[in-house]
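Below is one structure, written out as structure tokens; comments come after it.
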Amino acid sequence: MLSFPVLPMKATMKPAAAAVPDSDDWAFEVKWDGHRTIAHIVDGTARFQTTAGHDATDRWRDVAGIAASVGTDAILDGEMVVLDADGRPSFDLTQKRSDTTTHPAVFQVFDVLQIGDNDATGLAYTDRRALLDQLVEPGSHWSVPAFTVGGGAELLAATAEQGLEGVIAKRLDSTYRPGTRSKVWLKLKNRRRVELVVGGFTSGSGNRSGSFGSLLVGIDETAARDPEVARALTDPLAPDAVRFAGGVGTGFDTNTLAQLTTAMTARSTTECPFDGVVPAAVRRTARWVEPTMRIVVDLAEFTNGGHVRHASFVRVCST
């Protein structure tokens, strides 16, 4: 029998849409952008654990009612999410939430590892999903999301249109292997490309000591014409303002580092061009530049604070 904690099975990252399996041997689920969580239901009480095996029961107390709904001892795998005002999962809200009333959690249950004394990890994915559908009645703080067999590329495209993180592909015959990362599960993530303005950079270290660490980027009126960027603004931009949107520290080759360093040195200024709050840790090594250079950035999303998340440099679009 399994017991607390159980390390979850993980998927292998496949970043490109071209990697979506084109076969009816695969099931496809929406990838929920939250906190991976294992629920241990014992004697009518739910105990929750993190991916690393730490106890998170108090953090998800608003989901405790799932134990009574299931009605038997079980171990469930899923994702704890908090929805934003548009009904989309928000990692930022999930990470920072402190009020269960304002930001209630929803446990998206997508697998079952054990029911009573019966270990389900050796069963095929389709068999485990059938058991899960019988076991978990949807509630206000938990649900069993649907999956499709085949049609992965179409589902991935649909998640991109809805601003969701992506898709998880799982072989129909895959068993559950706790604590492993397997190629029978694939993580297919959507990425967004947006245009932002450069307003500074941080000092580099190590092999970047002669260039920079991160580009400091912002949102101006031109960038805000992109709906994806506009959604990141917590309040309207003032005329001619540039709202601080975080740093971009990856995606540069040696030539690009040199070219950008030269271009920014020519635009050097002592005045911070951003109207938003720039964290003190960034300001300590920041050097400001006139916000006349625009770049294309590939990112996972904007946080609720309007900062880029998992951003990577793509190219300069104007200088």
Can you sort Thr45, Thr100 by how many other beta carbons sit within 10 Å, fewest first?
-> Thr45, Thr100
Which Cα, out of Pro236, Val282, Val217, lies furthest along the positive dipole direction of the stretch 192-318 (beta carbon charges, K/R +1, D/E -1)?
-> Val282
Using the structure shown, list the pairs from Lys14/Lys183; Lys14/Lys96; Lys10/Lys183; Lys10/Lys96 with a Cα-Cα distance above 20 Å, or answer none.
-> Lys14/Lys96; Lys10/Lys96
Could you please rank Glu301, Glu195, placing first whichever residue has the fewest other Cβ atoms within 10 Å of its Cβ?
-> Glu195, Glu301
Taking Thr51, Thr94, Thr102 and counting other C-beta atoms within 10 Å, the order from fewest to most | Thr102, Thr51, Thr94
What's the angle, to the nearest 10 degrees (0 to 90), between helix 254-266's Cα axis and the longest principal axis of the chain?
-> 50
Tally the DSSP beta bridges in the chain and give the antiparallel ones as a percent, rounded to 5.
-> 90
Interchain or sequence-distant (5+) residues whose placed amide H lies within less than 5 Å of the amide H of Leu164 are none
Ranked packing of 262-271, 158-167, most packed first, by mean Cβ within 10 Å | 158-167, 262-271
DSSP beta bridges in the stretch 10-189, what fraction antiparallel, as a percent rounded to 5?
-> 85
Pop the C-beta distance of Asp55 and Lys10 into the FRET formula with R0 = 22 Å and round what comes out to the nearest 0.05.
-> 0.65
Given (1) 30, 52, 14, 3, 0; (2) 36, 57, 7, 0; (3) 29, 49, 21, 1, the label whose value is P(r) over Cα pairs in 20 Å bins from 0, in percent derived from this model | (3)
Aspartates and glutamates with Cα under 19 Å of Lys170, excluding same-chain neighbours fewer than 8 positions away = Asp22, Asp24, Asp25, Glu29, Asp33, Asp77, Glu79, Asp111, Asp127, Asp133, Glu154
Answer in debye to the nearest 20: the dipole magnitude of the stretch 160-319 about its Cα centre, from +1 Lys/Arg and -1 Asp/Glu charges placed on Cβ, is 940
Hey, got the dipole for the stretch 10-189? About the Cα centre, +1 on K and R Cβ, -1 on D and E Cβ, debye to the nearest 20?
-> 620
To the nearest 0.05, what FRET efficiency results for Thr285 and Ala263 with a Förster distance of 25 Å applied to their C-beta separation?
-> 0.85
Can you list the HN-Hα couplings for the stretch 234-250, worked out from phi with the Karplus curve (6.51, -1.76, 1.60; θ = phi - 60°), rounded to whole Hz and with x for Gly and Pro?
-> 7, 8, x, 6, 6, x, 6, 7, 10, 8, 4, 10, x, x, 10, x, 10
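Every read-out reported here was derived from the displayed coordinates using simple, explicitly stated rules and does not represent laboratory data. The shown structure was predicted, so the numbers you read here are calculated from the model rather than taken from an experiment. With ideal geometry, Cβ positions are generated from the backbone for all residues, glycine too; neighbour counts draw on all protein chains shown.
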